[in-house]
Amino acid sequence: MQKVMFDKIISFLLGASWGIIILGALITFKLFLFLGIALSVFLTLGYVIVSMFLLLILDGFMVNRQRLKEAKKQTQLLEQILTKQPLL
């Protein structure tokens, strides 16, 4: 049950992160627009790059979780093969 909850939380955070990135980019652009379009675009790109980096960290959690799950399956299969084969 805990595994399913972890996957749901990470999926929710990934979706929410995309919304925060889009909304935050719009707010950042409009907030700094009085300083000029070039600076506003530059700061918005900076915000998006930092946000994407944080999004990659969340995605890394999900990938590592899947890798662990796959490693456990492979370990179980290898243990089954080992018990069926006689030792030489």
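The values are calculated or read from the model by the stated rules, or taken from the named source; none is laboratory data. Because the structure is predicted, anything quoted here is derived from the model rather than measured. Please note: Cβ atoms are built from the backbone with ideal geometry, for glycine as well, and neighbour counts cover all protein chains shown.
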### Task
Please find, within region 31-79, the residue that is modelled with the lowest pLDDT out of those that are under 25 Å from A16 (Cβ atoms) and of a type in the set (K, R).
R65
### Flag if S17 is in a helix (DSSP H, G or I) and surrounded by 14 or more Cβ atoms within 10 Å (Cβ to Cβ)
yes
### Message
Give me the residue from region 30-83 that is touching a Leu at 6+ places or on another chain (Cβ under 8 Å) and assigned to a helix (DSSP H, G or I) and, out of that set, surrounded by the fewest Cβ atoms within 10 Å (Cβ to Cβ).
### Response
D59
